[in-house]
Amino acid sequence: MDFVYVLLPLALLLGFIALMAFMWTLKSGQYDDLDGAAWRAIMDDDQELNPNFQQPANEENSPQDPVDKGETQA
């Protein structure tokens with residue numbers, strides 16, 4: 001039964017530390033932009049990964065296949 005006297009304050013202390021860490025994340029703005037990280041994860045990075053990629057002239061966000069330079073398809 002003596003272990004309860006150690007575990008109960010330890011559990012309360014760890015819970016308080018977790019609560020303070022959560023409050024710090026709220027105050028520092030960690031949850032301000034919830035959709036930004038999700039969209040950055042799925043955004044197309046074709047310009048950086050493929051040097052042959054050409055941005056469409058009319059629409060900035062329309063998908064376009066990279067243009068082959070010098071290669072012909074048989």
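If the condition is being at pLDDT below 75, surrounded by fewer than 10 Cβ atoms within 10 Å (Cβ to Cβ) and in a helix (DSSP H, G or I), then segment 35-57 contributes E48, L49. Taking the criterion of being touching a helix residue (DSSP H, G or I) at 6+ places or on another chain (Cβ under 9 Å) and modelled with pLDDT under 95, would at least one residue in segment 20-34 satisfy it? Yes, some residue in segment 20-34 is touching a helix residue (DSSP H, G or I) at 6+ places or on another chain (Cβ under 9 Å) and modelled with pLDDT under 95.
The values are calculated or read from the model by the stated rules, or taken from the named source; none is laboratory data. Please read all numbers here as calculations on a predicted model, not as lab measurements. Every residue, glycine among them, receives a Cβ derived from its backbone with ideal geometry; neighbour counts consider all protein chains shown.
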